[in-house]
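Notes for the one structure printed next.
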Amino acid sequence: MFDQINQTLEVAVIAARFDMAPTCFSKAFKNSVGIGPYKWHLRRRIVRSAALLYDERRTLAEIACDCGFASQSHYTTAFRRELGVTPGCWRRKMRDGTLRIGDALRTS
């Protein structure tokens, strides 16, 4: 249903697949998962990006683009809001061995 994390989530399209109104789908999703579909989709993108940070050859801008963020700035802001640190800080902590990718899964 949400296979392409690098694309904008269109709740209306997904809701139509289930023959539901977008607001009804969002409410049912939140009741089932605990958070709304947009927040869930954002968290998946952040967790995916955290895994991509292991490859230090990739720039933050490339990772942001691959995970569907409009810009590196937008990505950095969303990442910090979700995980409490910037992607650059996350990458340094992974390199130093003070952070593991499982932390992203537990945080989200």
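Points worth noting:
- Check on R45, under 18 Å from Q7 (Cβ atoms), charged (D, E, K, R) and either at pLDDT 90 or above or not in a helix (DSSP H, G or I) (or both): yes
- Residue in the range 25-58 that is surrounded by the fewest Cβ atoms within 10 Å (Cβ to Cβ), counting only those that are in contact (Cβ under 8 Å) with a residue 12 or more places away in the chain and among the β-branched types (V, I, T): V47
- Filtered residues of the range 1-24 (kept if at pLDDT 85 or above and either crowded, with 17+ Cβ neighbours inside 10 Å or over 18 Å from L42 (Cβ atoms) (or both)): V11, I14, A15, A16, R17, F18, D19, M20, A21, T23, C24
- Residues in the range 72-108 that are polar (S, T, N, Q), closer than 21 Å to W40 by Cβ and either at pLDDT 90 or above or in contact with a strand residue (DSSP E or B) (Cβ under 9 Å, 6 or more places away or on another chain) (or both): T76, T77.
- Here I63 passes the criteria (1) more than 14 Å from C89 (Cα to Cα); (2) within 9 Å of the chain's Cα centre (by Cα); (3) in contact (Cβ under 8 Å) with a residue 12 or more places away in the chain except the one numbered (2).
- Test result for R58, within 27 Å of G84 (Cα to Cα) and outside any helix (DSSP H, G or I): yes
The values are calculated or read from the model by the stated rules, or taken from the named source; none is laboratory data. Since we're looking at a predicted model, the values are computed, not measured. Because the Cβ atoms are built from the backbone with ideal geometry, glycine has one as well, and the counts that use them run over all protein chains shown.
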